[in-house]
Amino acid sequence: MNPFAAVAVKTVGAAGAAAVLSLGVVQAASPSPSPATDHRSDRRSVVRAVFDSEADVLGIAPKTLREDLRKGQNVSDLAKDKGMTKEQFASSLVANVKPRLAALVDHKVITQVQADKVIGRISNGHIPFWDGLHRTTPK
């Protein structure tokens, strides 16, 4: 091989390797989506906290509550079976969910404003799954 060709091959090879490596550096430098930037992760965390708290107030496992809801039952009937009114259930739910929401605030998954809004909605009588699982049928 001609000495000039050998230098050209080495240069092109080095440039190609540098280009490939620089792509890796750019990918490594770009931040992956964090929970704070994922607009759904905070909602999912809140829904999970409330759902688990509902199951705790009812004295059942979250998996059992999920199965009951899928079978067509609703939280109001389950609460009635436990001898609880809507107001009693709501106050127990608020007491149970507050520490879970506080943990989410401490871990910066949600803000205190979001936690206060959830507590306010439950206190005002909006209890998720109170009337059951409402699914929309696909069109």
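When segment 101-128 is filtered for residues that are over 14 Å from the mean Cα position of the chain (by Cα), without any contact (Cβ under 8 Å) to a residue 40 or more places away in the chain and assigned to a loop (DSSP other than H, G, I, E, B), the ones remaining, listed by number, are Asn124, Gly125, His126. Total residues in segment 40-92 satisfying the condition of being open to solvent by less than 80 Å² (accessible area, probe 1.4 Å), within 26 Å of Gln114 (Cβ to Cβ) and either modelled with pLDDT of 95 or more or not in a loop (DSSP other than H, G, I, E, B) (or both): the figure is 25.
The values are calculated or read from the model by the stated rules, or taken from the named source; none is laboratory data. Keep in mind it's a predicted model, so treat the numbers as computed, not measured. Methodologically, a virtual Cβ is constructed for each residue, glycine included, from the backbone with ideal geometry; neighbour enumeration extends over all protein chains shown. SASA here: full protein model, heavy atoms, side chains in, ligands and nucleic acids out. Shrake-Rupley method; radii C 1.70, N 1.55, O 1.52, S 1.80 Å.
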